[in-house]
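> Quick one: the structure is below, and I'll ask about it shortly.
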Protein chains: 2
Amino acid sequence: MTETSPGVCCPAPSSQPDLRPVEGPEADEELATLAKAIGHPARVQILRLLTTKTSCVCGDIVDELPLAQSTVSQHLKVLKEAGLIRGDVDGPRVCYCIEPRAMRRLKVLIAGM
Amino acid sequence: MTETSPGVCCPAPSSQPDLRPVEGPEADEELATLAKAIGHPARVQILRLLTTKTSCVCGDIVDELPLAQSTVSQHLKVLKEAGLIRGDVDGPRVCYCIEPRAMRRLKVLIAGM
DNA sequence: TTGCTAAATCGTATTATTCCGATAGGCTCG
DNA sequence: CGAGCCTATCGGAATAATACGATTTAGCAA
């Protein structure tokens, strides 16, 4: 099957428990990195888009934001490098979606403060 | 009494309910601002110090961090401008402490993602 | 192949962060 | 008052972030 299936690109939630520590130098560093990635209105907006649309939108993000395509792409890159989102190539376009594990991690770290 | 009392400078918790919205443009902006303030390891460490020490430490923060006094002061300023901490002048020194309201707000905003 | 669409990357200008040493301001004690 | 401590601010240097247009890369379709 060549799988021309609809825009489903975020499969396994796979909620394994997270065993990493919630404090200590490494956790501090991790929290800082994640927070820094969220520390921009455009990136918050992108994350919001990707969470509300349960499924994953693609370059429609560009249409939603008052920014140039290249700028949005860069913000997506920042979020991806922080591990907060994932980008699956789906034909000519790329389908971005939340990385639930990282979001959970962020929430835990923040809650642990 | 000249009040050489211990470092108590963070009085009223005053847990009023927070009625501000958890999403929307303003919330996005707010979250970005708060996250940006936390987006640096030194500042995470400072917040951690201020939370673990239930009471509020002062310039001892400088001793705990591997940074110059002026640099720490600047990080404290960032946190203060974000509303996450407060600095009460206590004689010759300044007593910093968490602003619980802002921390709660941050947790709510993150949890709401 | 050629052209079209979508996304990433490059080059670049502007602004913001980060860090430090040096300096200034405030308070307390002698 | 003057010395000493604590903190903030200034000035500057190096680096990072932000944004954009232009270009490149990749897939799809005619």
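> Inside segment A:66-85, can you point out the residues that are more than 8 Å from DNA strand D (Cβ to nearest atom), surrounded by 15 or more Cβ atoms within 10 Å (Cβ to Cβ) and within 15 Å of residue A:34 (Cβ to Cβ)?
Residues satisfying the conditions are A:79, A:80, A:82, A:83, A:84, A:85.
> Is there a residue being within 14 Å of another protein chain (Cβ to nearest Cβ), within 14 Å of DNA strand C (Cβ to nearest atom) and either within 18 Å of residue A:22 (Cα to Cα) or not β-branched (Val, Ile, Thr) (or both) anywhere in segment A:68-79?
Yes: one or more hits.
> When both residues are 6+ apart or on different chains and their Cβ atoms are under 8 Å apart, which pairs have a first residue that lies in segment A:84-100 and is more than 12 Å from residue A:60 (Cα to Cα), and a second that is within 8 Å of DNA strand C (Cβ to nearest atom) and assigned to a loop (DSSP other than H, G, I, E, B)?
A:90/A:58
> Check off (1) near DNA strand D (Cβ under 10 Å from one of its atoms); (2) surrounded by fewer than 19 Cβ atoms within 10 Å (Cβ to Cβ) for residue B:96 and give me the number that stays unchecked.
Just one mismatch for residue B:96, condition (2).
> Please find, within segment A:36-61, the residue that is farthest from DNA strand C (Cβ to nearest atom) out of those that are more than 12 Å from every other protein chain (Cβ to nearest Cβ) and surrounded by fewer than 17 Cβ atoms within 10 Å (Cβ to Cβ). So that I can check it myself, show each step before the final result.
To start, the set of residues in segment A:36-61 that are more than 12 Å from every other protein chain (Cβ to nearest Cβ) comprises A:53-61.
Then drop every residue that is not surrounded by fewer than 17 Cβ atoms within 10 Å (Cβ to Cβ), which leaves A:53-55, A:59-60.
Details: A:53: 13, A:54: 18, A:55: 14, A:59: 2, A:60: 7 Å.
Result: A:54.
FYI, it's all coordinate maths here, none of it is from the lab. Source: prediction; values computed, not measured. Ideal geometry is used to build each Cβ from the backbone, glycine not excepted, and the neighbour counts take in all protein chains shown.
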